Amino acid sequence: MSWIREDESNLIEKLSANILKAGPMPKHVAFIMDGNRRYARKRQVERQEGHTQGFDKLAETLRWCLNLSIHEVTVYAFSIENFKRSKDEVDGLMELAKQKFIRLLEEQENLEKHGVCIRVLGDLTLLPLDLQQHIARAVVATRTHNKCFLNVCFAYTSRHEIANAVREMAWGVEQGLIKSSDVSEALLSRCLYSSNSPNPDLLIRTSGEVRLSDFLLWQTSHSCLVFQSVLWPEYSFWNLCDAILQYQLNHRPLQKARDQHREGQALQQHEADRACVADLLQHHGNGKPLDAQRRQEALLNYTASREERVQNFLGALQHKRDSFLTDLTSQAALA
């Protein structure tokens, strides 16, 4: 099945979508697509068929999201923990993923038509080389599209992502791109795999489980979390509508929490900058206290230099990540 299906909404779905869109709508929705294996047991089919049906449901759900003007979707496709499953199941999932990314590369005209940018978030080095190459080709082929975004978390856990972000900041300090004093909560957020995306407004988990299973732990601290009992391959447009209604009912307190957190981060950064400036003045001053205006000038200069360092570091980090994907696509072309 195609990654992006053409519009097949019936009149009732279109009417319901218009009614929903009269209220506050999530711009970014994340899915923990749980229940494929239970669906297979329920239908008495092979596990692989359950996973295949799960992918088909993703394609259908993306169509619903587009019709609801939800332009960013993140899905938990394969956890690092899933490598602990049987070899047959893991090999089957790797083969299914390879087939789907090959299919995606055959659909570039359709993806360009809808402006779909595909991102794969996770540690690709844990995957078979041929799958890495197919993923890299798909990501590079769609990276300039900017109308809607599909983030596929593959070989991913949130703790692995956070640990990697810490390593990236340590690399920046070692390279002299940033100072240890530049390290902050805000900078860590910008070193995550998901740094190019806003945090999800709504996270949905299917199958009745009520845990996050190490998915987007950092990014969903102020998201609306909705747990639904339906198995993922049986997910419906009405299940999605129900989740959006729950988001709308909780929109005001969620937005207030986000605003307060943003303000708190800004204040925390300001205080950290002031402490750094005070320390610099103490070590490099001539013993005479500076007046308020000169202290303010020193603070502004320090803040500007820190922001410049951070931007240079983030540019170098993005270049490193882009080069990794470009090298994979070059290897694929030579193969």
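The values are calculated or read from the model by the stated rules, or taken from the named source; none is laboratory data. Keep in mind that this is a model prediction, so the values were computed, not measured. Positions of Cβ are generated from backbone atoms using ideal geometry, with glycine treated the same way; all protein chains shown enter the neighbour counts. Please note that ligands, DNA and RNA were not included when accessible areas were found on the heavy atoms of the full protein model with its side chains. Shrake-Rupley method; radii C 1.70, N 1.55, O 1.52, S 1.80 Å.
Assorted remarks:
- Candidates Gly92, Gly54: the one that is touching a residue at least 40 places away in the same chain (Cβ under 8 Å), more than 23 Å from Ile204 (Cα to Cα), in a helix (DSSP H, G or I) and within 25 Å of the chain's Cα centre (by Cα) is Gly92.
- Looking only at the range 97-128, residues that are outside any strand (DSSP E or B), among the hydrophobic types (A, V, I, L, M, F, W, C) and buried (at least 16 other Cβ atoms within 10 Å of the Cβ) come to 6 in all.
- Evaluated against (1) closer than 19 Å to Ala30 by Cα; (2) assigned to a loop (DSSP other than H, G, I, E, B), Gly176 falls short on exactly one condition, (1).
- Filter result for Ala165 (within 23 Å of Thr61 (Cα to Cα), in a helix (DSSP H, G or I) and not β-branched (Val, Ile, Thr)): no
- Inter-residue pairs, beta-carbon under 7 Å, first without any contact (Cβ under 8 Å) to a residue 40 or more places away in the chain and in the range 198-211, second hydrophobic (A, V, I, L, M, F, W, C) and open to solvent by 40 Å² or more (accessible area, probe 1.4 Å), 6+ apart: Val210/Phe227
- Test: Leu62 is open to solvent by less than 60 Å² (accessible area, probe 1.4 Å), over 19 Å from the mean Cα position of the chain (by Cα) and either among the β-branched types (Val, Ile, Thr) or within 29 Å of Asn199 (Cα to Cα) (or both): no
- Of Ser180, Ser158, all but one fail to be at pLDDT 95 or above, open to solvent by 50 Å² or more (accessible area, probe 1.4 Å) and not β-branched (Val, Ile, Thr); the exception is Ser180.
- The number of residues in the range 9-49 that are part of a loop (DSSP other than H, G, I, E, B), open to solvent by 30 Å² or more (accessible area, probe 1.4 Å) and either at pLDDT 90 or above or of a type in the set (Asp, Glu) (or both) comes to 10.
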